[in-house]
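Notes to accompany the following structure.
The values are calculated or read from the model by the stated rules, or taken from the named source; none is laboratory data. Since the structure is predicted, the reported quantities are computational estimates derived from the model, not experimental observations. Positions of Cβ are generated from backbone atoms using ideal geometry, with glycine treated the same way; all protein chains shown enter the neighbour counts. Calculation scope for accessible area: heavy atoms of the full protein, side chains included, ligands and nucleic acids excluded. Shrake-Rupley method; radii C 1.70, N 1.55, O 1.52, S 1.80 Å.
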Amino acid sequence: MNYQDTVNWMFQQLPMYQNKGKSAFKKDLSNTLKLSKHLNEPQDGFKSIHVGGTNGKGSTSHMLASILQESGYKVGLYTSPHLKDFRERIRINGKVVSKQFVIGFIKRNKAFFEANNLSFFEMTVGMAFDYFNKKKVDIAVIEVGLGGRLDSTNIITPELSVITNIGFDHMNVLGNTRQEIASEKAGIIKKEIPIVIGETHHETESIFLGKAKSVNTEIYFADQLINEVLESDLKGLYQINNIKTVMKSVEILKESGFKISQSQLKNGLLNISKNTSLKGRWQTLATEPKIICDTAHNKEGLTYVIEQLQSENFNQLRIVFGVVNDKDLNSIIPLLPRNAVYYFCKPNVQRGLDSNKLRSIFNENQLIGQSYNSVNEALDMAKLNAEKEDLIYVGGSTFVVAEII
């Protein structure tokens, strides 16, 4: 199989949360443990940082990787989902894993995957850990895929664990209250491994404190401890919380022996996109008319994005919007501006919500617009209708942004 055949096989043969939703989520780590044993425990061959949370875990992971790169370390970065190419999920110092490695890894282990019915995510985590081990990274930043306690990444023993925040997303898997979701995310807090919590919330603080106490580890709430926020090349309002989380994390890494100077910290935060190729976070795609995209896709993320949109100068706001079918629209609709013109679209994944259905729900709530057959068609129509002084925003789902970036 060539690279495209290999990736197609991974996508099609096995459950993949991106497409299937809840049915792709495994309820224990037995497969991951079986795979790591088969691969000779690659996760034990490198140091790591484990990053979970509802929102901001991707940005936070990229920030940490960028700072460590600026400090001279060879840094692995594992994130999900990807926007354009599967290989974006696995990087070393910003460079994606080679096509040859992906092909070879699947070829060598295909019989094992099929015999044990491994999921797409389990295979990918195994591939990342194997790659980082073979390439002898100094440290790898590992982003949790979904939840924490039962996530395939949760077989590592990191130098530091990070939980950015707790919001409402993936409730069909993680639970319907902040406390339930926090309990799942707190599953990455490990014995005597320090934990940084990005944002304090009265409903979840006691859960994190209780878990930290039970495993005898130090816990730090970054928003209570960091006052001065350094500048970053990521310009989303929501990044302030992530920067505080990262600054506290860097303090702890330095205490454990990592050499990171103040100038390396500053440069790392100013060069995230250059160092790690992060895209889709409050990203300006064009001017006249200005086009901005962002991967925010739940109540907490979109609250920040809508606030920032309202602070922009524009004549007419045009919103290209699509979601997946398990999204809680009731929590999103009240946030969205009534005076915008909407262009409804369906992201090109199995879980994408039909654009006519989306239009019907939004129109009932005085969010008015037309539906289109694809994300690109919706964006093209928005551009066609827009004056120079208008603002076009593209979002609602990571998968919507992926199609236009």
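Please determine whether any residue of segment 280-294 is over 21 Å from Leu391 (Cα atoms) and surrounded by fewer than 22 Cβ atoms within 10 Å (Cβ to Cβ).
No, segment 280-294 contains no residue that is over 21 Å from Leu391 (Cα atoms) and surrounded by fewer than 22 Cβ atoms within 10 Å (Cβ to Cβ).
Exactly one of these conditions fails for Lys110: (1) crowded, with 19+ Cβ neighbours inside 10 Å; (2) farther than 21 Å from Ile155 by Cβ; (3) of a type in the set (Lys, Arg). Give me its number.
Just one mismatch for Lys110, condition (1).
Residues of segment 117-151 being modelled with pLDDT under 95 and of a type in the set (Ser, Thr, Tyr), which ones?
Ser119
If the Cβ limit is 7 Å and pairs must be 6+ apart or interchain, which residue in segment 190-202 that is among the small types (Gly, Ala, Ser) pairs with which residue that is part of a loop (DSSP other than H, G, I, E, B) and buried (at least 22 other Cβ atoms within 10 Å of the Cβ)?
Gly198/Gly53; Gly198/Gly56; Gly198/Thr164; Gly198/Asn165
Mind listing just one residue for me: the one in segment 298-315 that is assigned to a loop (DSSP other than H, G, I, E, B) and open to solvent by 50 Å² or more (accessible area, probe 1.4 Å) and, of those, farthest from Ala382 (Cα to Cα)?
Among those residues, the one meeting the criterion is Ser311.
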